[in-house]
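The values are calculated or read from the model by the stated rules, or taken from the named source; none is laboratory data. Keep in mind it's a predicted model, so treat the numbers as computed, not measured. For neighbour counting, all protein chains shown are included, and Cβ atoms are generated from backbone atoms with ideal geometry for every residue, glycine included. Ligands, DNA and RNA are stripped out before the accessible areas are found, and what is left, the full protein with its side chains, is counted by its heavy atoms. Shrake-Rupley method; radii C 1.70, N 1.55, O 1.52, S 1.80 Å.
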Amino acid sequence: MSETSRSEVHCSNARCVNVEASNAHMELKTFDLTGKVAIVTGTSRGLGQYFGRALARAGADLVITSRELSALENFRSEIEGIGRRVLPLPLDVRNYESIQKMVEQAVAQYGRIDVLVNNAGCNVRKPALEVTWDDWNLVLETNLRGTFFVSQAVARHMVPRKYGRIINIGSVTSVAGYAGLGPYGASRGGVKQLTMSLADDWGPHGITVNCLAPGWFKTAQNAVMYENQEWVEYLKDRIPLKRPGQPKDLDGAIVFLASDASEYVTGQTLLVDGGISTGAVRALAAKKK
């Protein structure tokens with residue numbers, strides 16, 4: 001190789017390095033939510049607060065909701081302490097008028113909605129033979145019907161702007177069945193299917209719709225189960241990463257789905273479950289210690 005060609009290769013490689021560095025910087029910026037407005041439903045406690053906190057730290061201003069406004073005061077102060085604007089609003093996702101009013105107030109305050117996290121949900125943990133008519137209606141109306149109609153109300157404002165990120169919160173029960181969780185599993189499976197339908201419906205309008213499905217995380221809803229150490233060991237044995245989830249494990253996923261980093265991802269269910277959805281059945285005998 002001549003000296004000239006070596007020089008050309010060297011310069012070319014240098015240019016490649018510079019371009020790669022520049023692209024990496026641009027890619028990191030796509031996770032920035034500065035200037036975005038995000039609604040997170042069900043933020044009086046639990047994972048809803050972790051989702052809101054992660055989005056605020058990434059730069060988003062928030063709308064936080066609960067059936068009781070007083071339940072949002074501490075979280076409101078925390079988000080303001082991060083330096084973000086925050087609007088607490090009452091919301092009952094089982095009530096159509098409540099949904100419409102919440103969205104109208106959010107748009108009146110901020111002028112737009114960029115991100116929606118459908119987190120509000122509930123569970124009734126019973127053997128199938130003990131589930132009542134009212135149990136079923138409570139869970140399905142909250143988790144599935146509520147997710148649809150909040151999404152619909154928000155999408156009406158996203159469609160004219162040709163932009164939006166909708167994140168439906170599902171569960172590992174969206175893809176796996178568990179005894180005692182019949183209504184809950186049905187609702188979360190429905191959320192997964194609804195996510196795909198809405199992604200197809202609203203994709204032409206620049207709106208992505210995805211489902212974030214946590215695995216086994218300790219929350220207020222299931223905290224009593226984690227008091228049973230035998231059950232915790234049973235659970236850990238079935239999770240490839242050998243531990244239940246911690247709320248911080250969801251930070252990267254929620255910011256990714258809310259940001260422009262996921263602009264070509266829609267209709268998908270992202271499982272953050274430590275691998276339990278791989279099957280969780282040991283096919284080989286445990287090694288003797």
### Summary
In whole percent, the fraction of accessible protein surface over the chain that belongs to carbon or sulfur atoms, probe radius 1.4 Å, stands at 53
### Summed side-chain charge close to residue 171 - residues other than residue 171 whose Cβ falls under 15 Å, Lys, Arg +1, Asp, Glu -1
+2
### Task
Please list the equivalent ellipsoid semi-axes of region 86-136, computed as the square roots of five times the alpha-carbon gyration tensor eigenvalues, in descending order and whole angstrom.
32, 12, 8
### Query
Got the relative contact order for the chain handy, in percent, Cα pairs under 8 Å and 6 or more residues apart?
17
### Query
Using the Cα gyration tensor of the chain, with a ≥ b ≥ c the square roots of its eigenvalues, what is the shape: rounded (a/c below 1.5), prolate (a/b larger than b/c) or oblate (neither)?
oblate
### Message
Within region 172-201, name every residue whose backbone N is under 18 Å away from a label modeled 7 Å from Cα of residue 129 along the Cβ vector.
### Response
179-183
## Note on the structure
Of the listed pairs 192/248; 162/192; 162/242; 126/192; 29/236, those with alpha carbons more than 32 Å apart are 162/242; 29/236
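Answer rounded, prolate or oblate for region 177-230, using the Cα gyration tensor with square roots of eigenvalues a ≥ b ≥ c: rounded when a/c is under 1.5, else prolate when a/b is larger than b/c, else oblate.
Taking the square roots of the gyration eigenvalues as a ≥ b ≥ c, region 177-230 is prolate.
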### Cα principal axis extents for region 69-190, largest first, Å
48, 34, 26
### At q = 0.21 Å⁻¹, base-10 log of I(q)/I(0) for region 120-275 (Debye sum, equal scatterers on each alpha carbon)
-1.36
### Heavy atoms of residue 45: accessible area, 1.4 Å probe, square angstrom to 10
140
### Query
Given a Förster distance of 41 angstrom, what is the FRET efficiency for residue 237 paired with residue 69, based on the Cβ-Cβ distance and rounded to 0.05?
0.45
#### Entry: Interchain or long-range residues, amide H under 5 Å from residue 211's placed H
168, 268, 269, 270
### Query
With every protein chain left in place, what is the accessible area of residue 112 in Å² (1.4 Å probe, nearest 10)?
70
### Message
How charged is the neighbourhood of residue 112? Take every other residue with its Cβ under 15 Å from the Cβ of residue 112, and add Lys/Arg as +1 and Asp/Glu as -1.
### Response
+3
### Task
Enumerate the helices in the chain for which the Kyte-Doolittle hydropathy averages -1.0 or more and the C-alpha atoms extend at least 18 Å along the helix's axis, using complete DSSP H runs.
3-29, 96-110, 146-161, 182-202
### Message
Using amide H atoms built in the peptide plane, which far-off residues or other-chain residues are under 5 Å from residue 120 H to H?
### Response
41, 42
#### Entry: Charge context of residue 86, other residues only, Cβ under 14 angstrom, K/R +1, D/E -1
+2
